[in-house]
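Okay, structure first, notes after.
The values are calculated or read from the model by the stated rules, or taken from the named source; none is laboratory data. Computed from a predicted model, the values in this text were never measured in an experiment. Ideal geometry is used to build each Cβ from the backbone, glycine not excepted, and the neighbour counts take in all protein chains shown. Heads up: the accessible areas ignore ligands, DNA and RNA and are worked out on the full protein's heavy atoms, side chains in. Shrake-Rupley method; radii C 1.70, N 1.55, O 1.52, S 1.80 Å.
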Amino acid sequence: MLTDIRSFNTLKKNLKKPVEGLKSIRIAILADSASQFIHQAIKGYGIESGIHYEVFEADYNQIDRQVFDPGSELYEYAPDYVIILRSVERLLKKFYGLSTADKENFADQQAAYMDGLYQQISSQLKARVITNTFPEINDNVFGNFGTKTKASFLYQVRKTNMGLMELAGQRKNLFLVDLSSLVGAKGYEASFDPKMYISADMVFSLDILPYLAKHIHDVIMAIAGSFKKCIILDLDNTTWGGIIGDDGMEGIQIGDLGLGKAFTDLQLWVKELRKRGIIVAVCSKNTESIAKEPFLQHPDMKLRMEDIAVFVANWETKVDNIRYIQGILNIGFDSMVFLDDNPFEREMVKQNIPDITVPNLPEDPAEYLPYLRTLNLFETASFTEEDSERTKQYQEEANRSILQKSFTSEGDFLKSLGMECEVKAFDNFTIPRIAQLSQRSNQFNLRTVRYTEEEVRDITQSPDRYTLSFSLKDIYGDYGLIAFVILNKQDNNTLFIDSWIMSCRVLKRGMEVFTLLSIIDLAKTHGFNRIIGEYLPTKKNGLVQDHYQKLGFTSIGDSRWELDINQFTNDKQVHINRK
Amino acid sequence: MEQGQILQQLTELFRDVLENDDIVLTETTTANDIEEWDSLYHIQLVVAIEKHYKIKFTASEIQSWKNVGDMAKAVATKLGA
């Protein structure tokens, strides 16, 4: 992931680079202002980040025609994402044409209008819709009194943004790019070039375009399942000011001491990320007991041991330690962010682990947090309550891996865990988590089909499809829902495994065999004799390359595998009890 | 700054923005003489010139330019003022 924003010119030059080998994503851009530059910026940003955006750009100001005409080029193009970009300048013109009474209802009508667009698109396409919030400008017809006046533009544009946010909360496939806060951070004057607006109807300055492109890209990536899951913190001069080994616990800067506020604010932010479900790990060159002391005892520390999923403090290299952390968490390096004040350490990690994101922290700790916020590192496309439990689960995992060392056989160890698994068809409680797992899982994912909540719900309604979800717990804790399968009836005799996804946290516990036995049970109950599985390779799912072979399936070509239930005998011991 | 010097610097900016190192500007060069120079690139050129010299043009100034000579003159005037 990029941590430096390139200029528009640089992004544009990327358009000449070859795109072979890049992942393709089809998008449509519908805008009510001139969109050529936006088009170029998004495409250029994509190439910089390894994505080839295939773009359909509608003619100028054609949103309504493209959306409401069922025979339009938009529907013919059938993109994965429809990006609707609307300008506050055009909004203002619409607003001025209204009577006072209509002005007071403007925001409600705007939300209804956007919902209309969304519904229309959704009725014809499976695409996600991304639109923007509006910069909250005051036209100063009422001055500051506009804040007290429903018929003022300021009042209505703010309410429109709120209305769009509420709408997006209700519509699963509608996402917002928050242009309002983006322009708030950069300033309207820096985001809007009156000259470009007058001469070409371009409402975004060249300087704001890379940021807008980045945010649109971030939203798409999060929906597509690529996002950050973990933040790794260095300690001395990153998490607190000073060096714990030299200055001692009383001497480090946190709280209100000196520069302490900068570090405390950063800690508070990281703690909020942790509550949202981001895993926090520590990687520090230190003596472990000394490094842990502030987490246990310092009154001003906001981050505590219970916030840290994996704590590594020793004298090995950071590269080795980050690899170790990755081994325990079992997530891709591309979903990890590493914070370190030392440019040398950063460079070494970047060189050796190119996929990890390593922001170039400013020299002044006072600027750490403001800088990190501008990077929008932790974009997401979902949030469930289970997310906030994740830290505990990884701590339990770390405990398990210590315990494992004391058993002589793997079987004994697995037996000692007292694993219990609940198996059931998808229901209203599990559907959000299943959709999320389908979005997130890359490694143990046989066909990598992504589903939205709505699509999962549709699957449960279909008479020709069968679902199973698996929730696991053991004596150390509850993993929650860790695996699911979706099965399609291929013919009266055959079930096809459409999706088989498992969280990598439960690898090597016999879950694969347990899941297969559950599939066979289900097949027998419904009178099927044959199960077909398929492995579609991606860059990330090499882990399950031999999955079906290991389970006793026979290859029938085209990456497909077959299992005759009546011939199947299980020779593997499973230490998981069905609950 | 002299006109010639400005012309030289504009040439550099044009080459960078239009991604064509063969461009040689004279005072009489117009958009018709350079293949890449369309209305979109024109906006980019204006923004690049503004950034380079830390000046701002008005919309009507830009519309009044008939050739590169007019552009260079506008730059010289802004820098002189």
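Summary of values
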item: Residues within region B:31-73 that are within 10 Å of another protein chain (Cβ to nearest Cβ) and polar (S, T, N, Q), tallied; result: 5
item: Search result, residues across region A:169-180 that are of a type outside the set (A, V, I, L, M, F, W, C), part of a helix (DSSP H, G or I) and touching a residue at least 12 places away in the same chain (Cβ under 8 Å); result: A:S180
item: Residue pairs meeting the criteria (Cβ under 9 Å; at least 6 apart or on separate chains; first more than 19 Å from B:L18 (Cβ to Cβ), in region B:45-61; second in a helix (DSSP H, G or I) and among the polar types (S, T, N, Q)); result: B:A59/A:S199
item: Residue in region A:399-412 that is in contact (Cβ under 8 Å) with a residue 60 or more places away in the chain, touching a helix residue (DSSP H, G or I) at 6+ places or on another chain (Cβ under 6 Å) and open to solvent by 40 Å² or more (accessible area, probe 1.4 Å) present; result: no
item: Residue that is nearest to the chain's Cα centre (by Cα) [pool: residues in region B:32-68 that are assigned to a helix (DSSP H, G or I) and over 21 Å from A:Y197 (Cβ atoms)]; result: B:V68
item: Top-ranked residue of region B:11-30 - restricted to ones that are within 11 Å of another protein chain (Cβ to nearest Cβ) and among the acidic types (D, E), ranked as nearest to the chain's Cα centre (by Cα); result: B:D16
item: Entirely in region A:181-300, the helices (runs of 4 or more DSSP H) that have 1 or more residues that are within 14 Å of chain B (Cβ to nearest Cβ) and free of Cβ contacts under 8 Å to residues at least 60 places away in the same chain; result: A:188-191, A:194-200
item: Residue list for region A:108-167, restricted to those being over 25 Å from A:E189 (Cα atoms), open to solvent by 60 Å² or more (accessible area, probe 1.4 Å) and in a loop (DSSP other than H, G, I, E, B); result: A:K126, A:K150
item: Selected residue (criterion: farthest from A:T494 (Cα to Cα)) from residues of region A:539-554 that are in a helix (DSSP H, G or I) and open to solvent by less than 80 Å² (accessible area, probe 1.4 Å); result: A:G542
item: Answer residue from region A:285-340, given it is among the aromatic types (F, W, Y) and over 22 Å from A:A262 (Cα atoms) and is most open to solvent (accessible area, probe 1.4 Å) among those; result: A:W315
item: Members of region A:555-576 that are within 36 Å of the chain's Cα centre (by Cα) and part of a strand (DSSP E or B); result: A:S555, A:R560, A:W561, A:E562, A:L563, A:I576
item: The one condition in (1) away from chain A (no Cβ under 14 Å); (2) surrounded by fewer than 19 Cβ atoms within 10 Å (Cβ to Cβ); (3) part of a helix (DSSP H, G or I) that B:I6 fails to fulfil; result: (2)
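Matching residues to (1) in contact with a helix residue (DSSP H, G or I) (Cβ under 8 Å, 6 or more places away or on another chain); (2) under 27 Å from A:N577 (Cβ atoms):
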| residue | (1), (2) |
| --- | --- |
| A:R450 | yes, no |
| A:Q461 | no, no |
| A:L472 | yes, yes |
| A:T494 | no, no |
| A:C504 | yes, yes |
